[in-house]
Amino acid sequence: MQKLDCDIVIVGAGMSGLSAARAATRAGKSVIVLEARDRVGGRTLSKTLDNGVTIDLGGQWVAPTQKRVLALIEEFGLKIFKTYQTGDSIAYLNGEKVRYEGVIPKRDPETDADIENGMALLEELAASIPLEAPWTHPRALELDRQTFADWINANLKTEFGRWVYDRLAPGVFSVEACELSLLHVAFYFGAAGGVDRLTSTDGGGQDSRFQTGAQQLSINLAKELGERIRLEQIVTKIEQDSVGVTVTTEDRKYVARRVIVALPPTLTGRIRYVPALPASRDSLTQRMPMGTALKTMVRYRTPFWRADGLSGLVFTDHDTPQLVYDNSPDDGSCGILLLFTEGIAARKWSEKTAEEREAAAIEVLVKCFGAKATEYEEFIEKYWVDEEFSRGCYAGTMPAGAWTSFGPVLSRPVGHIHWAGTETATCWNGYIEGAIQAGERASLEAITSIDDA
(Lines give C-alpha, C1' and ligand atoms only; values in the text may rest on other atoms or scores of the structure.)
Protein backbone atom coordinates (compact mmCIF):
# COMPACT_ATOMS: atom_id res chain seq x y z
CA MET A 1 0.00 0.00 0.00
CA GLN A 2 1.17 3.54 -0.76
CA LYS A 3 1.94 6.08 1.95
CA LEU A 4 -1.24 7.12 3.74
CA ASP A 5 -2.62 10.63 3.41
CA CYS A 6 -5.06 9.99 6.27
CA ASP A 7 -7.05 7.29 8.02
CA ILE A 8 -10.39 8.15 6.41
CA VAL A 9 -11.29 10.05 3.26
CA ILE A 10 -14.81 11.46 3.29
CA VAL A 11 -16.52 12.28 0.00
CA GLY A 12 -18.99 15.13 0.40
CA ALA A 13 -19.04 18.14 2.74
CA GLY A 14 -22.75 18.30 3.39
CA MET A 15 -24.02 17.78 6.92
CA SER A 16 -23.54 14.03 6.72
CA GLY A 17 -19.95 14.14 5.53
CA LEU A 18 -19.00 16.90 7.96
CA SER A 19 -20.64 15.04 10.84
CA ALA A 20 -18.72 11.90 9.92
CA ALA A 21 -15.49 13.88 9.76
CA ARG A 22 -16.07 15.46 13.15
CA ALA A 23 -16.86 12.13 14.79
CA ALA A 24 -13.76 10.49 13.30
CA THR A 25 -11.51 13.40 14.26
CA ARG A 26 -12.76 13.38 17.83
CA ALA A 27 -12.04 9.64 17.93
CA GLY A 28 -8.42 10.37 17.07
CA LYS A 29 -8.51 9.48 13.38
CA SER A 30 -7.04 11.68 10.66
CA VAL A 31 -9.47 12.69 7.92
CA ILE A 32 -9.64 14.51 4.60
CA VAL A 33 -13.00 15.73 3.31
CA LEU A 34 -13.35 16.07 -0.45
CA GLU A 35 -16.13 18.35 -1.71
CA ALA A 36 -16.95 18.84 -5.38
CA ARG A 37 -18.54 22.25 -4.87
CA ASP A 38 -16.80 25.49 -3.95
CA ARG A 39 -18.71 25.53 -0.64
CA VAL A 40 -19.81 23.30 2.21
CA GLY A 41 -23.41 22.58 3.13
CA GLY A 42 -24.73 20.20 0.47
CA ARG A 43 -28.49 20.64 0.22
CA THR A 44 -28.43 23.51 2.70
CA LEU A 45 -27.71 26.86 1.08
CA SER A 46 -28.31 30.25 2.67
CA LYS A 47 -28.52 33.53 0.76
CA THR A 48 -28.48 37.15 1.87
CA LEU A 49 -31.17 39.23 0.19
CA ASP A 50 -30.73 42.79 -1.02
CA ASN A 51 -32.04 44.11 2.31
CA GLY A 52 -29.63 42.02 4.40
CA VAL A 53 -32.12 39.34 5.48
CA THR A 54 -30.92 35.73 5.24
CA ILE A 55 -33.08 33.05 3.62
CA ASP A 56 -32.54 29.35 2.98
CA LEU A 57 -32.72 28.08 -0.57
CA GLY A 58 -32.36 24.51 0.69
CA GLY A 59 -33.26 22.77 3.95
CA GLN A 60 -34.43 25.27 6.54
CA TRP A 61 -36.65 23.86 9.29
CA VAL A 62 -35.99 22.37 12.73
CA ALA A 63 -38.29 20.06 14.69
CA PRO A 64 -38.31 19.75 18.50
CA THR A 65 -37.42 16.03 18.26
CA GLN A 66 -34.31 16.61 16.11
CA LYS A 67 -31.92 16.29 19.03
CA ARG A 68 -28.69 16.27 17.03
CA VAL A 69 -29.55 19.48 15.18
CA LEU A 70 -30.67 21.16 18.41
CA ALA A 71 -27.43 20.15 20.13
CA LEU A 72 -25.37 21.77 17.37
CA ILE A 73 -27.52 24.90 17.49
CA GLU A 74 -26.81 25.21 21.21
CA GLU A 75 -23.12 24.43 20.81
CA PHE A 76 -22.59 27.00 18.06
CA GLY A 77 -24.75 29.66 19.71
CA LEU A 78 -27.14 29.83 16.77
CA LYS A 79 -30.66 31.23 17.10
CA ILE A 80 -33.91 29.70 15.89
CA PHE A 81 -37.45 31.04 15.95
CA LYS A 82 -40.93 29.60 15.54
CA THR A 83 -42.48 29.50 12.08
CA TYR A 84 -45.27 32.07 11.83
CA GLN A 85 -48.72 30.48 11.81
CA THR A 86 -51.07 33.00 13.42
CA GLY A 87 -54.28 33.63 11.49
CA ASP A 88 -56.37 31.95 8.81
CA SER A 89 -55.13 29.76 6.00
CA ILE A 90 -56.25 30.06 2.40
CA ALA A 91 -57.34 27.37 -0.04
CA TYR A 92 -57.41 28.48 -3.66
CA LEU A 93 -59.23 25.65 -5.44
CA ASN A 94 -61.26 25.58 -8.64
CA GLY A 95 -60.77 29.34 -9.01
CA GLU A 96 -62.29 30.07 -5.60
CA LYS A 97 -60.54 31.48 -2.52
CA VAL A 98 -61.63 30.14 0.86
CA ARG A 99 -60.38 31.26 4.27
CA TYR A 100 -60.32 28.65 6.99
CA GLU A 101 -58.67 27.67 10.28
CA GLY A 102 -56.03 24.96 10.49
CA VAL A 103 -54.04 23.14 7.85
CA ILE A 104 -56.52 21.17 5.71
CA PRO A 105 -59.74 22.95 4.72
CA LYS A 106 -62.96 21.43 6.00
CA ARG A 107 -65.47 20.26 3.41
CA ASP A 108 -68.41 18.13 4.50
CA PRO A 109 -68.71 15.50 7.25
CA GLU A 110 -68.14 12.59 4.87
CA THR A 111 -65.02 14.11 3.30
CA ASP A 112 -63.59 15.28 6.62
CA ALA A 113 -64.07 11.82 8.12
CA ASP A 114 -62.46 10.26 5.04
CA ILE A 115 -59.35 12.41 5.41
CA GLU A 116 -59.11 11.69 9.14
CA ASN A 117 -59.51 7.96 8.56
CA GLY A 118 -56.78 8.03 5.93
CA MET A 119 -54.48 9.76 8.39
CA ALA A 120 -55.17 7.16 11.08
CA LEU A 121 -54.46 4.30 8.67
CA LEU A 122 -51.22 5.88 7.48
CA GLU A 123 -50.09 6.62 11.04
CA GLU A 124 -50.74 3.02 12.03
CA LEU A 125 -48.79 1.71 9.05
CA ALA A 126 -45.86 4.08 9.67
CA ALA A 127 -45.65 3.00 13.31
CA SER A 128 -45.41 -0.67 12.28
CA ILE A 129 -42.25 -0.32 10.15
CA PRO A 130 -38.96 -1.65 11.60
CA LEU A 131 -36.86 1.41 10.80
CA GLU A 132 -33.49 -0.37 10.86
CA ALA A 133 -34.71 -2.94 8.32
CA PRO A 134 -38.01 -2.04 6.58
CA TRP A 135 -37.70 -5.07 4.29
CA THR A 136 -38.25 -7.36 7.32
CA HIS A 137 -41.79 -6.10 7.93
CA PRO A 138 -44.21 -9.08 7.88
CA ARG A 139 -46.01 -7.51 4.90
CA ALA A 140 -42.93 -5.99 3.29
CA LEU A 141 -43.42 -7.53 -0.15
CA GLU A 142 -47.09 -6.59 -0.24
CA LEU A 143 -46.37 -3.00 0.83
CA ASP A 144 -43.39 -2.61 -1.47
CA ARG A 145 -45.26 -3.80 -4.55
CA GLN A 146 -47.88 -1.11 -4.07
CA THR A 147 -47.44 2.51 -4.94
CA PHE A 148 -48.70 5.24 -2.65
CA ALA A 149 -51.23 6.03 -5.39
CA ASP A 150 -52.55 2.44 -5.14
CA TRP A 151 -53.03 2.91 -1.41
CA ILE A 152 -54.79 6.25 -1.86
CA ASN A 153 -57.22 4.84 -4.41
CA ALA A 154 -57.97 1.85 -2.19
CA ASN A 155 -58.42 3.74 1.09
CA LEU A 156 -59.72 7.24 0.32
CA LYS A 157 -63.37 7.24 -0.66
CA THR A 158 -63.98 10.89 -1.56
CA GLU A 159 -62.64 12.94 -4.44
CA PHE A 160 -61.24 15.70 -2.23
CA GLY A 161 -59.75 13.15 0.16
CA ARG A 162 -57.84 11.53 -2.69
CA TRP A 163 -56.70 14.96 -3.90
CA VAL A 164 -55.33 15.84 -0.45
CA TYR A 165 -53.27 12.65 -0.25
CA ASP A 166 -52.17 12.92 -3.87
CA ARG A 167 -50.79 16.37 -3.01
CA LEU A 168 -49.15 15.00 0.14
CA ALA A 169 -46.71 13.01 -2.00
CA PRO A 170 -45.00 15.88 -3.87
CA GLY A 171 -45.29 18.07 -0.77
CA VAL A 172 -43.24 15.63 1.31
CA PHE A 173 -41.20 13.66 -1.23
CA SER A 174 -41.18 16.02 -4.25
CA VAL A 175 -42.29 13.14 -6.47
CA GLU A 176 -45.77 11.87 -7.34
CA ALA A 177 -47.75 9.26 -5.40
CA CYS A 178 -47.53 6.86 -8.37
CA GLU A 179 -43.72 7.01 -8.17
CA LEU A 180 -43.44 5.95 -4.52
CA SER A 181 -43.36 2.54 -2.88
CA LEU A 182 -45.94 2.38 -0.10
CA LEU A 183 -43.28 0.74 2.07
CA HIS A 184 -41.03 3.74 1.49
CA VAL A 185 -43.79 6.19 2.38
CA ALA A 186 -44.53 4.32 5.61
CA PHE A 187 -40.83 4.08 6.49
CA TYR A 188 -40.21 7.76 5.80
CA PHE A 189 -43.08 8.91 8.01
CA GLY A 190 -42.11 6.38 10.67
CA ALA A 191 -38.53 7.67 10.71
CA ALA A 192 -39.86 11.13 11.62
CA GLY A 193 -42.14 9.82 14.35
CA GLY A 194 -45.33 9.80 12.33
CA VAL A 195 -47.27 11.57 9.61
CA ASP A 196 -48.56 14.35 11.84
CA ARG A 197 -45.14 15.03 13.33
CA LEU A 198 -43.47 15.28 9.93
CA THR A 199 -46.13 17.45 8.29
CA SER A 200 -47.04 19.73 11.22
CA THR A 201 -45.73 23.21 11.87
CA ASP A 202 -46.09 23.62 15.63
CA GLY A 203 -44.15 20.78 17.22
CA GLY A 204 -43.48 19.13 13.88
CA GLY A 205 -41.12 19.17 10.92
CA GLN A 206 -41.76 22.86 10.12
CA ASP A 207 -41.66 24.09 13.72
CA SER A 208 -38.73 26.52 13.69
CA ARG A 209 -36.22 28.27 11.43
CA PHE A 210 -32.67 29.61 11.67
CA GLN A 211 -32.19 33.34 12.11
CA THR A 212 -28.96 33.29 10.09
CA GLY A 213 -29.64 30.29 7.86
CA ALA A 214 -29.35 26.51 8.19
CA GLN A 215 -26.05 26.49 6.30
CA GLN A 216 -24.46 27.94 9.44
CA LEU A 217 -24.42 24.39 10.83
CA SER A 218 -22.08 23.27 8.05
CA ILE A 219 -20.06 26.47 8.12
CA ASN A 220 -19.38 26.07 11.83
CA LEU A 221 -18.46 22.40 11.44
CA ALA A 222 -16.13 23.36 8.60
CA LYS A 223 -14.40 25.94 10.80
CA GLU A 224 -13.66 23.21 13.31
CA LEU A 225 -12.32 20.87 10.64
CA GLY A 226 -10.25 23.58 8.99
CA GLU A 227 -7.72 22.48 6.37
CA ARG A 228 -9.01 18.92 6.44
CA ILE A 229 -11.64 20.09 3.95
CA ARG A 230 -10.63 20.30 0.28
CA LEU A 231 -13.13 22.14 -1.93
CA GLU A 232 -13.57 21.75 -5.70
CA GLN A 233 -12.34 18.16 -5.55
CA ILE A 234 -14.56 16.07 -7.80
CA VAL A 235 -14.09 12.39 -6.99
CA THR A 236 -13.93 10.27 -10.14
CA LYS A 237 -12.69 6.88 -8.91
CA ILE A 238 -12.38 4.83 -5.72
CA GLU A 239 -10.03 1.86 -5.75
CA GLN A 240 -9.61 -0.57 -2.89
CA ASP A 241 -7.32 -3.47 -2.09
CA SER A 242 -6.92 -5.69 0.93
CA VAL A 243 -5.66 -2.93 3.22
CA GLY A 244 -7.12 0.39 2.08
CA VAL A 245 -8.43 2.74 -0.57
CA THR A 246 -7.20 5.22 -3.16
CA VAL A 247 -9.61 8.04 -3.92
CA THR A 248 -8.95 9.85 -7.19
CA THR A 249 -10.13 13.36 -8.01
CA GLU A 250 -9.62 15.32 -11.20
CA ASP A 251 -6.16 16.49 -10.11
CA ARG A 252 -4.74 14.11 -7.48
CA LYS A 253 -5.02 10.89 -5.48
CA TYR A 254 -5.67 10.38 -1.76
CA VAL A 255 -4.64 7.16 0.00
CA ALA A 256 -6.45 6.11 3.17
CA ARG A 257 -7.49 3.11 5.21
CA ARG A 258 -11.20 3.70 4.65
CA VAL A 259 -13.53 5.96 2.67
CA ILE A 260 -16.98 7.27 3.62
CA VAL A 261 -19.12 8.31 0.66
CA ALA A 262 -21.63 10.87 1.92
CA LEU A 263 -23.62 11.50 -1.25
CA PRO A 264 -27.18 10.77 -2.38
CA PRO A 265 -27.22 7.13 -3.58
CA THR A 266 -27.87 8.04 -7.21
CA LEU A 267 -24.75 10.25 -7.23
CA THR A 268 -22.60 7.52 -5.70
CA GLY A 269 -23.28 5.60 -8.91
CA ARG A 270 -21.43 8.24 -10.93
CA ILE A 271 -18.11 7.33 -9.34
CA ARG A 272 -16.04 4.52 -10.84
CA TYR A 273 -15.14 1.74 -8.42
CA VAL A 274 -12.23 -0.69 -8.78
CA PRO A 275 -13.08 -3.47 -8.32
CA ALA A 276 -16.63 -2.78 -9.48
CA LEU A 277 -19.37 -2.54 -6.90
CA PRO A 278 -21.50 -5.65 -6.31
CA ALA A 279 -24.41 -5.76 -8.73
CA SER A 280 -26.97 -5.24 -5.96
CA ARG A 281 -25.30 -2.05 -4.74
CA ASP A 282 -24.96 -0.65 -8.27
CA SER A 283 -28.58 -1.53 -9.00
CA LEU A 284 -29.64 0.39 -5.88
CA THR A 285 -28.00 3.56 -7.20
CA GLN A 286 -30.14 3.26 -10.33
CA ARG A 287 -33.36 2.94 -8.33
CA MET A 288 -33.20 5.86 -5.89
CA PRO A 289 -33.96 8.93 -8.02
CA MET A 290 -33.87 12.38 -6.48
CA GLY A 291 -37.05 14.36 -6.10
CA THR A 292 -37.80 17.52 -8.05
CA ALA A 293 -38.59 20.82 -6.34
CA LEU A 294 -38.64 24.48 -7.25
CA LYS A 295 -38.29 26.68 -4.17
CA THR A 296 -39.19 30.35 -4.60
CA MET A 297 -39.10 33.38 -2.28
CA VAL A 298 -40.99 36.61 -2.88
CA ARG A 299 -39.92 39.54 -0.69
CA TYR A 300 -42.23 42.42 0.26
CA ARG A 301 -41.64 45.55 2.29
CA THR A 302 -43.86 44.19 5.05
CA PRO A 303 -45.76 40.94 5.79
CA PHE A 304 -48.96 42.71 4.78
CA TRP A 305 -51.10 39.56 4.89
CA ARG A 306 -50.74 39.42 8.68
CA ALA A 307 -52.75 42.64 9.04
CA ASP A 308 -55.57 40.86 7.21
CA GLY A 309 -55.53 38.05 9.77
CA LEU A 310 -53.77 35.57 7.49
CA SER A 311 -51.02 33.13 8.42
CA GLY A 312 -49.57 33.06 4.90
CA LEU A 313 -50.31 29.34 4.51
CA VAL A 314 -51.93 28.62 1.14
CA PHE A 315 -52.98 25.41 -0.62
CA THR A 316 -53.73 25.63 -4.32
CA ASP A 317 -54.71 23.29 -7.12
CA HIS A 318 -52.37 25.14 -9.48
CA ASP A 319 -49.08 23.70 -10.67
CA THR A 320 -47.14 26.69 -9.42
CA PRO A 321 -47.19 27.39 -6.60
CA GLN A 322 -48.80 24.40 -4.94
CA LEU A 323 -48.04 25.47 -1.39
CA VAL A 324 -47.16 28.80 0.26
CA TYR A 325 -45.71 29.63 3.69
CA ASP A 326 -44.94 32.85 5.54
CA ASN A 327 -41.14 32.85 5.52
CA SER A 328 -40.58 36.33 6.93
CA PRO A 329 -37.73 37.02 9.37
CA ASP A 330 -38.42 36.79 13.07
CA ASP A 331 -38.53 40.56 13.56
CA GLY A 332 -41.02 41.08 10.73
CA SER A 333 -38.71 43.67 9.19
CA CYS A 334 -39.93 42.56 5.77
CA GLY A 335 -42.44 40.09 4.39
CA ILE A 336 -41.35 36.93 2.58
CA LEU A 337 -43.60 34.32 1.05
CA LEU A 338 -42.12 30.89 0.39
CA LEU A 339 -43.57 29.07 -2.63
CA PHE A 340 -43.17 25.38 -3.40
CA THR A 341 -43.62 23.69 -6.78
CA GLU A 342 -42.82 19.98 -6.65
CA GLY A 343 -42.87 16.72 -8.55
CA ILE A 344 -44.28 16.67 -12.08
CA ALA A 345 -45.26 20.34 -11.80
CA ALA A 346 -41.67 21.32 -11.03
CA ARG A 347 -40.41 19.33 -14.01
CA LYS A 348 -42.92 21.05 -16.27
CA TRP A 349 -42.24 24.57 -15.01
CA SER A 350 -38.49 24.10 -15.20
CA GLU A 351 -38.94 24.12 -18.99
CA LYS A 352 -40.55 27.58 -18.85
CA THR A 353 -38.62 30.83 -18.75
CA ALA A 354 -37.88 32.55 -15.45
CA GLU A 355 -40.23 35.34 -16.51
CA GLU A 356 -43.07 32.88 -17.15
CA ARG A 357 -42.60 31.24 -13.75
CA GLU A 358 -42.53 34.60 -12.00
CA ALA A 359 -45.69 35.82 -13.74
CA ALA A 360 -47.57 32.59 -12.95
CA ALA A 361 -46.56 32.67 -9.29
CA ILE A 362 -47.52 36.30 -8.77
CA GLU A 363 -50.86 35.74 -10.49
CA VAL A 364 -51.77 33.09 -7.90
CA LEU A 365 -50.52 35.25 -5.01
CA VAL A 366 -52.75 38.09 -6.19
CA LYS A 367 -55.73 35.72 -6.23
CA CYS A 368 -54.94 34.77 -2.64
CA PHE A 369 -53.67 38.00 -1.06
CA GLY A 370 -54.98 40.76 -3.31
CA ALA A 371 -53.31 43.50 -5.36
CA LYS A 372 -50.61 44.12 -2.74
CA ALA A 373 -49.02 40.88 -3.88
CA THR A 374 -47.83 42.69 -7.02
CA GLU A 375 -45.75 45.12 -4.93
CA TYR A 376 -42.82 42.79 -4.35
CA GLU A 377 -39.21 43.92 -4.12
CA GLU A 378 -37.31 40.71 -4.82
CA PHE A 379 -38.07 37.36 -6.49
CA ILE A 380 -35.65 34.47 -5.92
CA GLU A 381 -35.92 30.86 -7.05
CA LYS A 382 -33.81 27.73 -6.69
CA TYR A 383 -34.26 24.64 -8.84
CA TRP A 384 -32.23 21.90 -7.18
CA VAL A 385 -32.11 19.60 -10.19
CA ASP A 386 -29.82 22.20 -11.78
CA GLU A 387 -27.27 21.62 -8.99
CA GLU A 388 -24.73 19.29 -10.57
CA PHE A 389 -23.75 17.75 -7.25
CA SER A 390 -27.29 17.31 -5.90
CA ARG A 391 -29.42 16.78 -9.01
CA GLY A 392 -32.59 17.21 -7.03
CA CYS A 393 -34.13 17.28 -3.59
CA TYR A 394 -35.38 16.80 -1.00
CA ALA A 395 -33.92 13.30 -0.98
CA GLY A 396 -33.62 10.10 -2.95
CA THR A 397 -36.81 8.02 -2.95
CA MET A 398 -37.69 4.34 -3.37
CA PRO A 399 -40.12 3.32 -6.15
CA ALA A 400 -42.17 0.13 -5.93
CA GLY A 401 -40.05 -2.96 -5.36
CA ALA A 402 -36.83 -1.18 -4.45
CA TRP A 403 -36.84 -1.59 -0.67
CA THR A 404 -37.33 -5.35 -0.65
CA SER A 405 -34.87 -5.90 -3.51
CA PHE A 406 -32.09 -3.52 -2.53
CA GLY A 407 -32.82 -2.09 0.91
CA PRO A 408 -30.31 -4.36 2.70
CA VAL A 409 -27.39 -2.86 0.75
CA LEU A 410 -28.36 0.80 1.29
CA SER A 411 -25.93 1.36 4.16
CA ARG A 412 -23.97 -1.92 4.12
CA PRO A 413 -20.22 -1.32 3.64
CA VAL A 414 -18.56 -2.64 0.50
CA GLY A 415 -15.12 -3.68 1.64
CA HIS A 416 -13.45 -0.50 2.88
CA ILE A 417 -16.20 1.76 1.49
CA HIS A 418 -18.81 3.06 3.93
CA TRP A 419 -22.00 4.92 3.01
CA ALA A 420 -23.47 8.00 4.68
CA GLY A 421 -25.99 10.64 3.53
CA THR A 422 -29.46 11.37 4.86
CA GLU A 423 -30.98 8.69 2.60
CA THR A 424 -29.27 6.05 4.79
CA ALA A 425 -30.69 7.43 8.06
CA THR A 426 -33.18 5.62 10.27
CA CYS A 427 -34.42 8.77 12.01
CA TRP A 428 -35.66 11.86 10.19
CA ASN A 429 -34.57 10.34 6.89
CA GLY A 430 -34.27 13.08 4.24
CA TYR A 431 -33.67 15.83 6.81
CA ILE A 432 -30.60 17.48 8.34
CA GLU A 433 -31.11 15.39 11.48
CA GLY A 434 -30.97 12.23 9.41
CA ALA A 435 -27.83 13.42 7.64
CA ILE A 436 -26.06 13.87 10.98
CA GLN A 437 -27.18 10.47 12.28
CA ALA A 438 -26.03 8.75 9.09
CA GLY A 439 -22.64 10.48 9.18
CA GLU A 440 -22.03 9.50 12.79
CA ARG A 441 -23.09 5.90 12.10
CA ALA A 442 -20.79 5.58 9.06
CA SER A 443 -17.92 7.13 10.98
CA LEU A 444 -18.29 4.64 13.81
CA GLU A 445 -18.36 1.77 11.28
CA ALA A 446 -15.16 3.00 9.63
CA ILE A 447 -13.38 3.59 12.95
CA THR A 448 -14.34 0.15 14.23
CA SER A 449 -13.19 -1.45 10.98
CA ILE A 450 -9.80 0.26 11.24
CA ASP A 451 -9.34 -0.64 14.90
CA ASP A 452 -10.33 -4.27 14.31
CA ALA A 453 -7.99 -4.70 11.34
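The values are calculated or read from the model by the stated rules, or taken from the named source; none is laboratory data. Computed from a predicted model, the values in this text were never measured in an experiment. Cβ placement follows ideal geometry from the backbone for every residue including glycine, while neighbour counts extend to all protein chains displayed. These area figures cover heavy atoms from the full protein model, side chains too; ligands, DNA and RNA do not enter into them. Shrake-Rupley method; radii C 1.70, N 1.55, O 1.52, S 1.80 Å.
Structural remarks
- Here each label is just a point 7 Å from Cα along the line to Cβ, and for Asp282 and Thr136 those points are 2.9 nm apart.
- Cα-based helix-to-principal-axis angle, 15-26 vs the chain, degrees rounded to 10: 40 degrees
- The largest accessible area among Trp384, Trp61 belongs to the first residue in Trp61, Trp384, and the rest follow in falling order (1.4 Å probe, all chains).
- The distance separating the Cα centre of segment 41-100 from that of segment 125-156 comes to 30 Å.
- Only alpha carbons enter this Debye calculation for segment 31-130, each as an equal point scatterer, and the log10 of I(q)/I(0) it gives at q = 0.17, 0.25 Å⁻¹ is -1.13, -1.30.
- Probe 1.4 Å - accessible area at Thr285, Å² to nearest ten: 10 Å²
- For the set Lys3/Lys223; Lys3/Lys29; Lys3/Lys253, the pairs lying more than 18 angstrom apart at their alpha carbons are Lys3/Lys223.
- Surface per residue (accessible, 1.4 Å probe) for the chain, Å²: 40 Å²
- Between Trp163 and Asp386, the contour length at 0.36 nm per residue exceeds the alpha carbon distance by 77.4 nm.
- The slack in the chain from Val243 to Tyr100, taken as 0.36 nm per residue of separation less the alpha-carbon distance, amounts to 45.2 nm.
- Structure-based [θ]222 nm, the chain - -39500 (n - 2.57) summed over DSSP H runs of at least 4, per residue, nearest 500: -10000 deg cm²/dmol
- If you take the Cα centroid of segment 293-362 and the Cα centroid of segment 385-453, the two points sit 31 Å apart.
- Take Met290: with every protein chain present and a 1.4 Å probe, its accessible area is about 20 Å².
- Solvent-accessible area of Tyr188 with every protein chain in place, 1.4 Å probe, in Å² to the nearest 10: 10 Å²
- Axis angle, to the nearest 10 degrees, between helix 67-76 and the longest C-alpha principal axis of the chain: 80 degrees.
- Overall dimensions of segment 240-367 by Cα: Rg and Dmax, Å: 22.5, 68
- Lys, Arg +1 and Asp, Glu -1 on Cβ, resulting dipole of segment 1-144 about Cα centre, debye, nearest 20: 940 debye
- Student exercise, the chain dipole from Lys, Arg, Asp, Glu Cβ charges, in Debye to nearest 20: 1200 debye
- Annotation: peptides 199-210, 427-438, 42-53, ranked by per-residue average of other Cβ atoms within 10 Å with the highest first, follow the order 427-438, 199-210, 42-53.
- Within the accessible area of segment 297-364 (1.4 Å probe), percent carbon and sulfur: 49 percent
- Lys/Arg +1, Asp/Glu -1 at C-beta; the chain dipole; positive extreme among Tyr383, Ala262, Val366: Ala262
- Each Lys or Arg adds one and each Asp or Glu takes one away; over the other residues whose Cβ falls under 9 Å from the Cβ of Thr25, this sums to +3.
- Estimated inter-spin distance, Glu377 and Arg26, nm [label 7 Å along Cα→Cβ]: 4.1 nm
- Net charge contributed by nearby residues that have their C-beta within less than 12 Å of Pro413 (K/R +1, D/E -1): +3
- Stretching the chain fully between Asp112 and Ala154 yields a gain of 13.4 nm (0.36 nm per residue, less the alpha carbon separation).
- On the beta carbon distance between Arg272 and Gln2, with R0 = 30 Å, the FRET formula returns roughly 0.95.
- Whether segment 37-76 is rounded, prolate or oblate, judged on the alpha carbon gyration tensor where a/c under 1.5 counts as rounded: prolate
- Helix 109-127 vs. the chain, principal-axis angle (Cα, 0 to 90°, nearest 10): 10 degrees
- Taking only protein heavy atoms and a 1.4 Å probe, the accessible area of segment 141-270 is 42% carbon and sulfur.
- In terms of its C-alpha gyration tensor, segment 157-232 comes out prolate, because a/c is 1.5 or above and the ratio a/b outweighs b/c.
- Shape call, segment 164-305: gyration tensor on alpha carbons, a/c limit 1.5: oblate
- The alpha-carbon positions of the chain define a convex hull whose volume is 136 Å³ per residue.
- Here r is the Cβ-Cβ distance between Ser128 and Leu93 and R0 is 35 Å; the resulting FRET efficiency, rounded to 0.05, is 0.60.
- Proximal charge balance of Ser174 [Cβ under 11 Å; K/R count +1, D/E count -1]: -1
- Residues in segment 288-327 reached by a label modelled at Ile362 [backbone nitrogen below 15 Å; 7 Å Cα→Cβ]: 297-301, 321
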